[in-house]
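Heads up: the structure comes next, in structure tokens.
Just so it is clear, none of the values below were taken in a lab; they were calculated from the coordinates. Here the structure is a predicted model, which is why all the values come from computation and not from measurement. Cβ: placed from backbone, ideal geometry, glycine included. Neighbour counts: every protein chain shown.
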Amino acid sequence: MAAEAALPAEEEVIIVGAGQSGLAAAACLSLRGVRSLVLERDDCVGSLWRKRAYDRLHLHLAKKYCALPHAPHPDDAPTYLPRDDFAGYLDAYAARFAVRTRLRREVRSARYDPAATRWEVEAVDLATGKVELYAARFLVVATGENDERFVPEVPGMEAFPGTVMHAAEYRSAEGMKGKAVLVVGGGNSGMEIAYDLAAGGSLTSIVVRGELHLVSKEIWNVAMALYPYLPVWIIDKLVLLMCAVVFGDTARHGLRRPAVGPFTMKLTTPAYPVVDVGTYAKIRAGEVRVLPAALKSVRGNVVEFADGQRHPFDAIVFATGYRSTVRRWLKSDDGLIGDDGLAARSYPEHWKGDNGLYCAGMVRRGIYGSCEDAELIAGDISKLLRPEQEQGSNTAGNKPDSNGS
């Protein structure tokens with residue numbers, strides 16, 4: 001009986017991660033008649049949106065760029081979807097395409113067996129502690145860019161008397177009115193949290209060490225609309241011209257722009273432009289203080305910075321991003337996944353590895369990138385499993401719905 005219980009459950013495709021990328025891949029496979037199973041560590045699909053996002057979050061791109069394949073948002077949906085609306089959309093998407101999920105399953109190991117020509121996956125049921133074994137010809141890594149919280153080590157932080165949290169834990173400025181709050185990190189999350197705190201009456205400071213491109217939602221959506229038709233360098237020039245009109249010289253207020261244009265940077269580096277939600281007005285009005293140096297140490301409630309400045313704070317929010325954990329469990333050296341746990345190859349060659357290994361949403365191209373990856377992966381797997389069916393399919397109909405890239 002013990003040997004029989006240890007036999008792995010057979011699947012055609014195992015997908016790790018039930019965020020937008022995993023759901024999109026499962027749906028596209030299902031539409032092609034390919035059976036898949038999604039293993040998810042959390043207890044719901046789309047957990048990033050439901051459990052690790054602040055209350056005021058809205059998608060920064062218009063809804064037509066934020067729909068998963070074959071399921072556009074309805075006409076009466078807001079142009080920029082609120083967090084809860086998008087989380088509900090993901091629930092409905094999983095139900096609509098009958099995505100098979102096993103929740104609270106943490107993958108501990110995935111390795112390719114060349115003798116059996118299949119992937120062998122070991123997962124733990126976090127509810128019971130039981131080890132489960134799976135086998136599949138294809139494995140899709142869809143754990144996303146935002147996996148494990150990253151907080152830098154700062155000497156003395158353990159003795160800080162106030163509140164310390166990661167941006168994943170921040171929900172609102174409730175209880176922070178009148179308090180001095182430091183936000184560490186000048187990306188989209190840090191900037192938006194700083195705005196939320198200042199609007200809620202906090203004495204807000206934000207650490208912005210590097211250069212960044214500040215854009216508005218409207219400017220960035222113009223850039224997205226132009227992308228299929230114009231060279232990137234022209235889009236960069238147009239975006240910067242519009243930004244100069246809207247924002248003026250942001251460097252005067254501590255926000256230095258990189259020499260590389262915003263759209264070029266988005267396509268070639270991990271850096272996203274910062275979509276302004278009102279933070280810049282708060283900075284210009286003196287309601288949000290920009291600090292340019294890294295944290296050096298903490299003594300009591302006083303934070304010392306690398307440039308010698310010292311300031312007292314009541315709370316610190318680390319908007320310092322995430323780290324992938326893929327390399328801890330994926331036993332593969334084919335070069336598809338890099339040491340940082342994200343796609344090692346540049347777009348558009350990033351999504352397919354050897355021996356039936358794929359990755360979706362791992363190359364920092366947002367929701368629309370997840371859509372493209374899902375269609376490519378589903379088409380390739382379908383072709384390998386059912387070449388006759390794929391040859392007769394209308395491939396033009398397999399492109400992402402309403403999702404420009």
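Each Lys and Arg Cβ is given +1 and each Asp and Glu Cβ -1; about its Cα centre, the chain then shows a dipole of about 820 debye. Qualifying trypsin sites (Lys or Arg not before Pro) in the range 46-101, where qualification requires a DSSP coil assignment and no more than 12 other C-beta atoms within 10 Å, are lacking entirely. Find the relative contact order for the range 19-80 and round it to a whole percent, using C-alpha pairs within less than 8 Å whose residues are 6+ positions apart. Relative CO of the range 19-80 lands at 32 percent. Projecting the Cα positions of TYR112, PRO74, PRO152 onto the charge dipole of the chain (unit charges on Cβ atoms of Lys, Arg, Asp and Glu, taken about the Cα centre) puts PRO152 furthest along the positive direction.
In this structure, the residue pairs whose Cα-Cα separation is over 27 Å, taken from LYS64/LYS237; LYS51/LYS237; LYS51/LYS179, are LYS51/LYS237. Counting other C-beta atoms within 10 Å, and keeping those with at most 12, which DSSP coil chymotrypsin sites (Phe, Trp or Tyr not before Pro) do you find in the range 199-264? Answer by residue number: TYR229.
Could you compute how fast the range 318-376 diffuses translationally, taking Rh as the Kirkwood radius over C-alpha pairs and applying Stokes-Einstein at 10 °C with viscosity 1.306 mPa s? Give it in µm² per second. It comes out at roughly 132 µm²/s. Per-residue Karplus couplings for the range 137-144, computed as 6.51 cos²θ - 1.76 cosθ + 1.60 with θ equal to phi - 60°, are listed in order as 6, 10, 10, 10, 8, 9, 7, x Hz, Gly and Pro entered as x.
Scanning residues 5 or more positions from VAL45 or on other chains, none has an amide H under 5 Å from its amide H, with H placed 1.01 Å from N in the peptide plane.
Averaging the sequence gap over all C-alpha pairs within less than 8 Å and six or more residues apart, then dividing by the number of residues, gives the chain a relative contact order of 23 percent.
Reported to the nearest whole Å, the Cα centre-to-centre distance from the range 185-205 to the range 74-150 is 32. Considering the chain as a Gaussian network with a 10 Å cut-off on Cα pairs, which listed residue, ALA53, ALA167, ALA116, attains the greatest mean-square fluctuation? Highest fluctuation of the listed residues: ALA116. Can you give the angle from 0 to 90° between the axis of helix 232-247 and the longest principal axis of the chain, with both taken from C-alpha atoms, to the nearest 10? Computed tilt is about 30 degrees. Of the residues LEU336, ALA92, SER346, the one whose Cα sits farthest towards the positive end of the charge dipole of the chain is SER346 (charges of +1 on Lys and Arg Cβ, -1 on Asp and Glu Cβ, taken about the Cα centre). The H on the amide N of VAL184, modeled in the peptide plane, is under 5 Å from the matching H of VAL207, VAL317, PHE318, ALA319, each at least 5 residues off or on a different chain. For the chain, the residue among THR101, GLY379, MET165 whose Cα projects farthest onto the positive side of the dipole built from Cβ charges is MET165.
In the chain, helical runs assigned H by DSSP with n ≥ 4 each contribute -39500 (n - 2.57); averaged across all residues and rounded to the nearest 500, the mean residue ellipticity at 222 nm is -8000 deg cm²/dmol. Here CYS66, CYS44 are placed in order of increasing Cβ neighbour count within 10 Å, fewest first, which gives CYS44, CYS66. Between ASP43, ASP55, ASP75, the Gaussian network model of the chain with springs among Cα atoms under 10 angstrom shows the greatest mean-square fluctuation at ASP75. Each DSSP beta bridge with both residues in the chain is either parallel or antiparallel, and the antiparallel ones are about 40%.
Simple point charges give the picture: +1 on the Cβ of Lys and Arg, -1 on the Cβ of Asp and Glu, and for the range 150-318 a dipole about the Cα centre of about 300 debye. For LYS177, the lysines whose Cα falls under 18 Å of its own Cα, not counting residues fewer than eight places away in the same chain, are LYS282. Amide H contacts for THR101 (H built 1.01 Å from N in the peptide plane; partners 5 or more residues away or on another chain; cut-off under 5 Å): VAL38. Considering the chain as a Gaussian network with a 10 Å cut-off on Cα pairs, which listed residue, ILE377, ILE367, ILE234, attains the greatest mean-square fluctuation? Taking springs between Cα atoms under 10 Å, the residue moving most is ILE234.
Normalised by the number of residues in the range 150-318, the mean separation of alpha-carbon contacts (under 8 Å, six or more apart) gives a relative contact order of 37 percent. Beta-bridge orientation, the range 150-318: approximately 25 percent antiparallel, per DSSP, counting only bridges with both partners inside. Of the residues GLU12, GLU153, the one with the fewest other Cβ atoms within 10 Å heads the list, and the complete ranking is GLU153, GLU12. The ranking of LEU7, LEU197 from fewest to most other beta carbons within 10 Å of each one's beta carbon is LEU7, LEU197.
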